[in-house]
Amino acid sequence: MKKILNYALYDFANSSFTTIIITFIFSTYFAQQIVKDPILGQSYWGWAIGVSGFAVAVIGPFLGAISDKKNLKVTFLRTFSLLCIILTCSLWFAKPSKDYIFFTLIIVVVANFFYELSLLFYNALLKTVSSERNLGKSSGASYALGYLGGILVLLLAIKLFIDTENPVFGLKKENYENVRAISFFVSLWFLIFSIPLLISAKKTLIKTKSEIGIFSQIQKLVWDKGFKKIGIFLIARMLYADGLNAIIVMGGIFAVGVFQLSINELLQLSILMNVSAVIGAIIGGYFNDLLGSKKIIVLSLLGIIISSILILFSFSKMYFFVFATINGLFIGPIQSASRVVISKMLINEDQSKGFGLFATSGKLTSFLGPVLVSTLTFVSGSQRIGFSAAIFLLIIGLLLLFKIKNLD
């Protein structure tokens, strides 16, 4: 139980980075105050996340293979987590001026690169903290705690730094000191709550008998005179992960640009979506162990596709809030069940390189979702039209998933 708690606390910790920096507060600050153009800001931000995701996709499997061979899983987790934390602090220097567009984008690209690499090795630890029959519950619990962390960190950030006449530590609202200082808050949160796992995780010695090269080891996992079942699943996951990534990364900017949400309304939306995500992750994890991962992924994808289509055709804040909350209910189960599928398919000595491929399936074309949304937004001048690209990717991934027999 303690192992699972320490594992789940890492999700609680790193949710501060995705919630505050990537999705809500800092992305919105970048678009409105640094770029000073929501549509152009959404485009730049999406392209930046796409670049970092592509880098992870290319490098991840090879780092995973090296990790399996040299038993560096825990070392890499610690290293990449700390690098992300340090770089996040430097966003304090991202002042509200167009002169800081390039600086901000570079920091975000590199910090997100290290964040995604840390997730690779975090996911690879799942089998070491849970029994085979409880993988779904363990995975779901960690995602649930992550979403809960997202709620708490956002509430505190708004209360202490933004929605107050006197921000903490004497910070001034002039030059957006109060918003930029949130980068330190995020870094501290990430560090404190990740410490239990980073300290307790042990370097498990796994003997590997493979004498073939790294590239051949990676290829062997997914290909044998054609794509293996795990290979087909990774392609399907690649497509629906692109759609999910676009929704998560661009969600804050979309909400503000289309529905003119205030900071308080953005906070309310985030709380609702995270609460629904907590519920969804817990329920999804429970039924994952009962029904199997494929059924959970399919049902959740259908839920997200339908609610996302309804969002595109909503023109009132009330309906947007309702459908966005429903949308959040299905995100956790998809992510949790996908992780369980890979964990079950892989033997212990292949966990890191397997999750390297898992990262690749989520990131090789991760630029595709944000870039399609960003480019379609830029060309059409409409954030609604741009956002429809995410739904298209979800549908293609779902259709391919239907073709996989006997999955989980």
## Note on the structure
The extension gain from Val168 to Ser90, computed as 0.36 nm times the residue separation minus the Cα-Cα distance, is 26.2 nm
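For the chain, which semi-axes, largest first and in whole Å, follow from the square roots of 5 times the eigenvalues of its Cα gyration tensor? Walk me through the numbers on the way to the answer.
Values: eigenvalues 208, 115, 80 Å².
Square roots of five times the eigenvalues give 32, 24, 20 Å.
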### Query
Pick from Phe392, Phe30, Phe190: which is most flexible by mean-square fluctuation in a GNM of the chain where alpha carbon atoms under 10 Å apart are linked?
Phe392
### Query
Which of Asn71, Asn327, Asn288 moves the most in a Gaussian network model of the chain with Cα springs under 10 Å?
Asn71
#### Entry: Pairs of alpha carbons in segment 7-143 whose separation is greater than 27 Å (percent)
28
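Hand me the chymotrypsin sites (Phe, Trp or Tyr not before Pro) from segment 239-328 located in a DSSP loop with no more than 13 other Cβ atoms within 10 Å, in residue order please.
Phe313, Phe315
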### Message
Could you tell me the relative contact order of the chain? Use alpha-carbon pairs under 8 Å, at least six residues apart, and round to a whole percent.
### Response
31
### Query
Of Thr18, Thr28, Thr360, which has the largest mean-square fluctuation in a 10 Å C-alpha GNM of the chain?
Thr18
#### Entry: Where N is the number of residues in segment 118-195, Cα Rg divided by 2.2 N^0.38 Å
1.48
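Stokes-Einstein at 37 °C, 0.692 mPa s, Kirkwood radius from Cα pairs: D for segment 246-295 in µm² s⁻¹?
Numbers: Rh = 12.6 Å.
Here the translational diffusion coefficient equals 260 µm²/s.
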### Task
Between Phe62 and Thr375, with labels modelled 7 Å along Cα→Cβ, what's the label distance in nm to one decimal, could you check?
2.6
### Task
Provide the convex hull volume over Cα atoms per residue for segment 237-331, in Å³.
83
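In deg cm²/dmol, rounded to 500, what helix-only [θ] at 222 nm does the chain give when every DSSP H run of at least 4 residues adds -39500 (n - 2.57) and the total is split over its residues? Provide the component values of the computation, followed by the final result.
Values: 17 runs with 306 residues, N = 408.
Helix contribution divided over all residues of the chain: -25500 deg cm²/dmol.
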### Query
For the chain, what are the DSSP H helices with axial Cα length of 24 Å or more and mean Kyte-Doolittle hydropathy of at least -0.5?
38-70, 73-89, 101-123, 135-157, 182-200, 229-259, 263-291, 293-312, 317-345, 383-401
### Task
Compute the semi-axes of the equivalent ellipsoid of segment 156-196, taking the square root of 5 times each eigenvalue of the Cα gyration tensor, and list them largest first in whole Å.
22, 10, 7
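Bear in mind that the values in this text are calculations on the coordinates, not laboratory data. As the structure is a computational prediction, the values presented were derived from the model and not from experiment. Using ideal geometry, Cβ is built from the backbone for each residue, glycine included, and neighbour counts are taken over all protein chains shown.
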